[in-house]
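The values are calculated or read from the model by the stated rules, or taken from the named source; none is laboratory data. Note that the structure is a prediction, hence the values are computed from the model and not measured. No Cβ is skipped: glycine too gets one built from the backbone with ideal geometry, and neighbour counts run over all protein chains shown. Accessible surface areas use protein heavy atoms only, side chains included; no ligands, DNA or RNA. Shrake-Rupley method; radii C 1.70, N 1.55, O 1.52, S 1.80 Å.
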Amino acid sequence: MHQDLQIDIGRLAARLSELGAIGSTGDGGCARLALTDEDRAGRDLVVTWMADLGLDISIDEIGNVVATRPGLSEGPPVMCGSHIDTVATGGIYDGNLGVLAGLEVIETLSRAGVTTRRPLAVAFFTDEEGARFSPDMLGSLVYCGGLGVEEARDIVASDGARLGDELARIGYVGSAPCPGLAPYAYVELHIEQGPVLEAHGEDIGAVTGVQGISWQELTLVGQSNHAGTTPMSYRHDPGLVAAEIAVQARRLAVGMGADQVATVGRLELVPNLVNVVAAKASMTVDLRNTDEELLAEAEAKLAEEIDEICRREGVSWSTRRLARFAPVEFDPTVVSLVEAKALGLGLSVRRLASGAGHDAQMLARMCPAGMIFVPSVGGISHNPKEFTDTGHLEAGANVLLQVLLDLADTDVLGSQVEAVGVEG
Ligand code: HGY
Ligand code: MN
Ligand code: MN
C-alpha cells in the first residue's frame with residue numbers, strides 16, 4: 001500500500017543542515033554534548049518542527065521527547081527516532097538522521113492525506129552518546145526501565161556537572177513517567193558509521209542486532225616526582241602504566257580477532273606537566289564484541305594485564321564501570337521487513353550487526369525493534385568528516401517510510417505482539 005509514496009529529500013536535507021548548524025564546529029561537524037546549551041537549542045528546534053506538524057508532544061522525566069501522530073485506531077504507536085545529542089567532534093548525521101527522517105515520513109503522509117491505522121511516533125532520546133554522562137543510550141535505557149530516573153539524575157559528568165541539574169537548567173524535565181509506553185514496534189534509521197556497506201557497494205543495511213559494550217574508567221595512582229632527579233629505578237609512573245595499558249588493549253583486540261575491538265578514548269595525567277612524573281592517570285577503555293562470552297573474556301584478560309603492569313611499576317589501580325550492555329538481537333520479522341522493503345524499492349541490501357550502540361537496542365527490551373543503515377563515506381563517524389550522500393539519505397528515508405507503513409497498517413508482526421500484551 002502507498003508503494004508510490006516518496007519522501008522529499010530536499011526538505012530532509014534542509015532540516016539536517018539547519019540542525020547541523022546548531023553547535024557547528026566550523027569544519028562541517030557539530031558539537032551538541034548532552035544537556036548543554038547547544039543540546040537545548042537543537043531540542044528546541046526539533047520540538048518546533050514537531051509542533052509545526054501538529055504532533056502531540058510528550059516530554060518525560062529524563063528529557064526524552066516523543067511526538068505522536070494519531071492513527072485511525074487507539075493503542076501503542078509504531079515509533080521511530082534516534083538521538084540529537086552528539087559527541088564533541090560529531091558529524092551532522094549520527095542520530096539526527098533518524099529523528100529528522102521520522103519527521104519527514106510524517107510530513108509526507110500528512111501532505112498525501114494518509115492516516116495510518118496505528119498511531120505513529122517520532123522520538124529523540126536524551127544522552128544517547130554517553131560522552132558527557134555515561135552510560136550511553138542513557139535516555140532510552142531509562143525509557144525502557146533499565147535505569148531508575150533518580151539514579152540517572154544523580155549521574156555526574158566527566159566535567160563535574162550533575163545530570164538532573166543540567167536537565168533542569170535546559171528546561172527539559174518533563175512530567176511523562178519513565179518507564180515510558182511500550183511502542184507497538186520501533187524502527188531506527190541511522191548511518192552505519194563503519195565501512196561495510198560502502199565496501200560492498202550496498203545501499204541499505206538490515207541491521208540484525210548490536211554488539212556488546214563494556215566501558216570502564218581506570219584510575220592509576222603512582223608517585224609524582226622530579227623528571228630530572230628521579231632515577232628510572234625509583235619511579236612509580238602512572239603515565240607509563242597508562243601507555244602500556246593502551247598498547248595491551250590494542251594487542252588484546254588484534255589477538256582475539258573477529259569482532260573484538262578496544263579503544264582508549266580518554267587519557268588524562270595529573271599534574272600533566274613537562275617536568276613532573278605524573279601522580280595520577282585517568283583513562284577509559286571501551287571494549288566491544290558481538291559475542292558476550294568473548295567480551296567477558298576480553299574484560300578478564302585486560303584486568304589481568306593491568307594488574308601485572310601495575311604490580312611491576314608499583315602503581316595502584318581501580319576501575320569504575322561506565323557502561324555494560326550485552327549484545328542485542330533485533331526482531332527477525334522487523335529485520336526481514338527492512339530487507340524486503342529495500343529490495344522492493346530496487347535497493348541493494350545486506351544484513352549486518354551494528355558496531356555502535358543505539359537507542360534501538362534499549363527499545364528492543366519492550367517491543368519488536370529493528371534498524372535501517374545507510375552507508376557512511378569512508379566508514380567515518382564521530383568525526384566532522386562524517387558524510388552520507390543524498391541518494392542514500394533519500395533511500396534510507398524511503399525504506400523507513402515503507403517499513404513504518406507496514407507496521408502501522410498491517411499485522412505483519414502477527415501474534416507475537418499480542419503475546420507481549422501490547423494490543424495491536
Ligand atoms: O558509543 C556508541 O556506540 C554510541 O555512539 N553511543
Ligand atoms: Mn548514534
Ligand atoms: Mn554516536
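Under 28 Å Cα to Cα from residue 280, which lysines show up? Leave out anything in the same chain fewer than 8 places away.
Hits, sequence-local ones excluded: 301.
Using a simple spin-label model with points 7 Å from Cα along the Cα→Cβ vector, what separation in nm is obtained for residue 326 and residue 52?
Between residue 326 and residue 52, the label points sit 4.4 nm apart.
Out of the DSSP beta bridges found with both residues in the chain, what percent are antiparallel (nearest 5)?
Roughly 70 percent of the DSSP beta bridges within the chain come out antiparallel.
Once the Cβ-Cβ distance between residue 165 and residue 4 is put in as r, and R0 is 51 Å, what FRET efficiency do you end up with, to the nearest 0.05?
It comes to 0.55.
Could you give the nm distance between label points at residue 45 and residue 308, where each point is 7 Å from its Cα heading toward the beta carbon?
So the label points at residue 45 and residue 308 sit 5.0 nm apart.
Along the principal axes of its C-alpha atoms, what lengths does segment 98-192 span, in descending order and rounded to whole Å?
48, 27, 25
How far apart, in nanometres, would the label points at residue 219 and residue 154 be if each is projected 7 angstrom from Cα along the Cα-to-Cβ direction?
1.7 nm
Ranked from the most accessible area to the least, with a 1.4 Å probe and all protein chains present, what is the order of 304, 61?
304, 61
Let a ≥ b ≥ c be the square roots of the eigenvalues of the Cα gyration tensor of segment 212-325; is it rounded (a/c under 1.5), or, if not, prolate (a/b larger than b/c) or oblate?
It comes out prolate by the Cα gyration axes.
Cα atoms only: what Rg and Dmax, in Å, come out for segment 106-264?
According to the Cα coordinates of segment 106-264, Rg and Dmax are 22.8, 79 Å.
Using a 1.4 angstrom probe and counting only protein chains, how large is the accessible area of residue 38 in Å², to 10?
Surface accessible to solvent at residue 38 totals approximately 80 Å².
Take 83, 382, 2 and sort them by solvent-accessible surface of the protein heavy atoms, 1.4 Å probe, largest at the top.
Most to least solvent-accessible, the answer reads 382, 2, 83.
Name the shape class, rounded, prolate or oblate, that the alpha-carbon gyration tensor gives for segment 1-112, where a ≥ b ≥ c are the square roots of its eigenvalues, rounded holds for a/c under 1.5, and otherwise prolate holds if a/b is larger than b/c and oblate otherwise.
oblate
Based on Cβ point charges of +1 for Lys and Arg and -1 for Asp and Glu, what charge dipole magnitude is obtained for segment 212-325 about its Cα centre, in debye rounded to the nearest 20?
That gives a dipole near 420 debye.
I need to check one value: relative contact order of the chain, counting alpha carbon pairs closer than 8 Å and at least 6 residues apart, in percent.
With pairs under 8 Å counted, the relative contact order is 23 percent.
Heavy atoms only, 1.4 Å probe, whole protein assembly: order 366, 371 by accessible area, highest first.
In descending accessible area the options line up as 366, 371.
Contour minus end-to-end for residue 254 and residue 232, with contour as 0.36 nm per residue of separation and end-to-end as the Cα-Cα distance?
4.8 nm
Using the Kirkwood formula over every pair of different C-alpha atoms, what hydrodynamic radius in Å results for the chain?
One over the average 1/r among Cα pairs gives 22.4 Å for the chain.
Please list, in order along segment 254-261, the HN-Hα scalar couplings obtained from phi with the Karplus expression 6.51 cos²θ - 1.76 cosθ + 1.60 (θ = phi - 60°), rounded to whole Hz, x for Gly and Pro.
5, x, 6, x, 6, 8, 5, 10
Tell me the mean residue ellipticity at 222 nm calculated for the chain from its helices only (DSSP H runs of n ≥ 4, each -39500 (n - 2.57), averaged over every residue, nearest 500).
Theoretical 222 nm ellipticity from helices: -11000 deg cm²/dmol.
If R0 is 51 Å, what FRET efficiency do you get for residue 88 and residue 115 from their C-beta distance, rounded to 0.05?
0.80
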